[in-house]
Each structure stands twice: as C-alpha cells, then as structure tokens.
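Okay, here's the structure, questions in a sec.
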Amino acid sequence: MAIEKERRVEFAFENHRFFDLVRTGRALEVLNEQIFSIDKAFYDRYASSPDPDNIVKEWQLLLPILQREIDTNNLIVITQNYGY
C-alpha cells in the first residue's frame, strides 16, 4: 500500500501516472472511480448517472500506431487502433 501511494504521488508529478496504471492493469478501475467521484454532482443534477465501471472504455487506453510503422511493415498487416 505504501509503495502504491508513493508511485501515485511520484508518477503524477512526472506525468507517468496514466502509463503506470495501464501497465499494471488498473487504469480502468482507477480512472472510472476518479471520474465518477469528481463528476458525481454533475450526474446527480443534470444527467442520468452512468455506470461507474463503464465511463472510460478499454479502447480509450490505447495510443495511436505511428503511420510510418504501418507503412514500413511488410510482413504483417497492421491496422490503426480503434478511435484514431
């Protein structure tokens, strides 16, 4: 628990927190919880409350594949990640 707290603080200030969450497989859990708790007042007042486990989708954690990598790879067909 202490190590996780240290990583949270350290990586947040170095702009690595998101990538650490993706690498450890906790991104969906942490991001959905954080967004839902911050926006709860908005959801309660203006909109129907979303499913707190389904605010951030798994495909939104992916980064785009560089076009040069798609163009230069002759052995297999690479398609761009969904959403880009």
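Quick one: if the Förster radius is 22 Å, what FRET efficiency do Gln80 and Arg23 give, using the C-beta to C-beta distance and rounding to 0.05?
0.50
Here's another thing I want to ask about it. With a 10 Å radius around each residue's Cβ, average the other Cβ atoms per peptide and rank 66-76, 22-32, 2-12, highest first.
Highest mean packing first, the order is 22-32, 2-12, 66-76.
I'd like the projected area of the chain, averaged over all directions, using the convex hull of its alpha carbons. Report it in nm² with one decimal.
In nm², the orientation-averaged hull projection of the chain is 8.1.
How large a share of the accessible area of the chain, in percent, is made up of carbon and sulfur atoms when the probe is 1.4 Å and the other protein chains stay in place?
Carbon with sulfur: 57 percent of the solvent-accessible area.
Rounding to the nearest 10 and keeping the result within 0 to 90°, find how far the Cα-based axis of helix 2-13 lies from the longest principal axis of the chain.
70
Kindly report the accessible area of the chain per residue (heavy atoms of protein chains, probe 1.4 Å, no ligands, DNA or RNA), in Å².
Spelled out: the 1.4 Å probe surface of the chain, per residue, equals 84 Å².
If one takes the longest principal axis of the Cα atoms in the chain, at what angle in degrees, from 0 to 90 and to the nearest 10, does the Cα axis of helix 27-46 lie?
Its long axis makes an angle of about 50 degrees.
The values are calculated or read from the model by the stated rules, or taken from the named source; none is laboratory data. Everything quoted here is computed from the prediction, not taken from an experiment. Cβ coordinates were reconstructed from backbone atoms using ideal geometry, including for glycine residues, and neighbour counts include every protein chain displayed. Areas reflect the complete protein model, heavy atoms only, side chains present, ligands, DNA and RNA absent. Shrake-Rupley method; radii C 1.70, N 1.55, O 1.52, S 1.80 Å.
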